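Undergrad: My questions will all concern the structure given below.
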Amino acid sequence: MKTGNKNFLQHIFSYFPGGRLPVFLTLTVLLLLATGCEKADVYTMNPKANFDALWRIIDEHYCFFEYKNVDWNEVYRKYDSQLSDTLNKYELFDLLGNMLAELKDGHTNLMSSFDVARYWAWYENYPRNFNEDIHKLYLGQNYRIAGGIKYQLLADDKIGYMFYESFSSSVSDSGLNEVFMHFKDCKGLIIDVRENGGGSLGYSDRIASRFLDRDTVVGYIIHKTGPGHNDFSKLYPIELTPSKYTRWLRPVVVLTNRHSYSATNDFVNKMRNFPQVTIMGDRTGGGGGLPFNSELPNGWRVRFSASPLLDIDKQCAEDGIEPDVKVALQSADVDKGKDTLIESAIAFLLKD
């Protein structure tokens, strides 16, 4: 990367608490600094210059062309034919946003001072499997809060329940210690990450490490090594180390829906490797590529998937993770003020 390294690094480190980059990503960052995206040297609002810059950035650095079966050259021809020097900034933004939507990637966005282009179809055709009003009945009014985690005792204090709405909300080790202490007499634990759109991979690691009893490889990462669509490094294992603080090795159910995306998808991908954990609910939303930023000549920013994160079987989780136990929210339960997924998790944890 010739220029713009500071913004690039700030974006990378923002995914991890305290700016501490996991060891497995250190080589990735160094290589991307050497070969990654360039910030435009000359400012221009020219539509063609910005179109070509965006197409090239994605062409050289996006990581899922083959996986998504996208012909990026054909995409160029389709949208280049719609270009005109008379396009105003709003028309150009819409055209570029539509071009990026061809990737069908929720991690790929164009950002300006007046709008953010986004692709939401990855979840729109799925049932939500979550009802806020019903969910509030389970938390009640006396639930506790530890950073971004809301937690409560359910089923006559036999089941611990954690609701984590965003991996962008802080989770401290001291807070997790308090949560597990509150649940010390519980038979099982429910971790509800429905509606969690992601955030920090560091918080994903911090929570998941509480469910380990030994060092465990939980997946792999690869990174781009050149401008070719298939220029990738070897696979680097992602190893998680057990927390030195309170750990939970009793049965766990993780509740998911299609809105469980990005860092949440990563969390589910880690947790499903542990023998005491069962994933329940609906398929996650995916988002299996580590996103990075670049900049166009007119100052607009583009975010895109750059480094695929793979599961323990070396398979891409970009399209989401199927639950171990499929459960959908039933209208008959909603009419009774019941959450089918929470009730199913309680029954599952109490069955033995």
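Undergrad: If a residue must be touching a His at 6+ places or on another chain (Cβ under 7 Å) and open to solvent by 30 Å² or more (accessible area, probe 1.4 Å), how many such residues does segment 187-231 contain?
TA: Number of matching residues: 2.
Undergrad: Can you pull out every residue in segment 103-122 that is polar (S, T, N, Q) and either open to solvent by 50 Å² or more (accessible area, probe 1.4 Å) or in contact with a Cys (Cβ under 9 Å, 6 or more places away or on another chain) (or both)?
TA: SER113
Undergrad: Residue check: is GLY175 out of contact with any Lys or Arg (no Cβ under 9 Å at 6 or more places or on another chain) and small (Gly, Ala, Ser)?
TA: Details: out of contact with any Lys or Arg (no Cβ under 9 Å at 6 or more places or on another chain): yes; small (Gly, Ala, Ser): yes.
Criteria met by GLY175.
Undergrad: Ok, one more. State yes or no: is LEU137 touching a residue at least 24 places away in the same chain (Cβ under 8 Å), open to solvent by 50 Å² or more (accessible area, probe 1.4 Å), outside any loop (DSSP other than H, G, I, E, B) and not polar (S, T, N, Q)?
TA: The answer is yes for LEU137.
Undergrad: Can I ask one more? State yes or no: is SER172 open to solvent by 10 Å² or more (accessible area, probe 1.4 Å) and over 23 Å from HIS259 (Cα atoms)? Steps first, please.
TA: Working: open to solvent by 10 Å² or more (accessible area, probe 1.4 Å): yes; over 23 Å from HIS259 (Cα atoms): yes.
Yes; evaluated as a whole, the condition is true for this residue.
Undergrad: Something else: Evaluate the following for ASN125: is it out of contact with any Ser or Thr (no Cβ under 8 Å at 6 or more places or on another chain) and open to solvent by less than 20 Å² (accessible area, probe 1.4 Å)? Don't jump to the end; show me each part of the working.
TA: Working: out of contact with any Ser or Thr (no Cβ under 8 Å at 6 or more places or on another chain): yes; open to solvent by less than 20 Å² (accessible area, probe 1.4 Å): no.
Spelling it out, it is not the case that ASN125 is out of contact with any Ser or Thr (no Cβ under 8 Å at 6 or more places or on another chain) and open to solvent by less than 20 Å² (accessible area, probe 1.4 Å).
Undergrad: I need the helices (runs of 4 or more DSSP H) fully contained in segment 245-352, keeping only those with at least 1 residues that are open to solvent by 20 Å² or more (accessible area, probe 1.4 Å) and small (Gly, Ala, Ser).
TA: Qualifying helices (runs of 4 or more DSSP H): 331-335, 340-350.
Undergrad: Just give me the residues in segment 44-54 being part of a helix (DSSP H, G or I) and surrounded by fewer than 19 Cβ atoms within 10 Å (Cβ to Cβ), in sequence order. Break it down into steps so the answer makes sense when it comes.
TA: Within segment 44-54, the first condition is being part of a helix (DSSP H, G or I), and the residues that meet it are 47-54.
Hits for segment 44-54 are LYS48, ALA49, ASP52.
Undergrad: Scan segment 49-108 residue by residue and report those that are among the small types (Gly, Ala, Ser) and out of contact with any Phe, Trp or Tyr (no Cβ under 7 Å at 6 or more places or on another chain).
TA: ALA49, ALA53, SER81, SER84, GLY97, listed by residue number.
The values are calculated or read from the model by the stated rules, or taken from the named source; none is laboratory data. Note that this is a predicted model, so its numbers are computed, not measured. A quick note on method: Cβ atoms are made from the backbone with ideal geometry, for glycine too, and the neighbour counts reach across all protein chains shown. Accessible surface areas use protein heavy atoms only, side chains included; no ligands, DNA or RNA. Shrake-Rupley method; radii C 1.70, N 1.55, O 1.52, S 1.80 Å.
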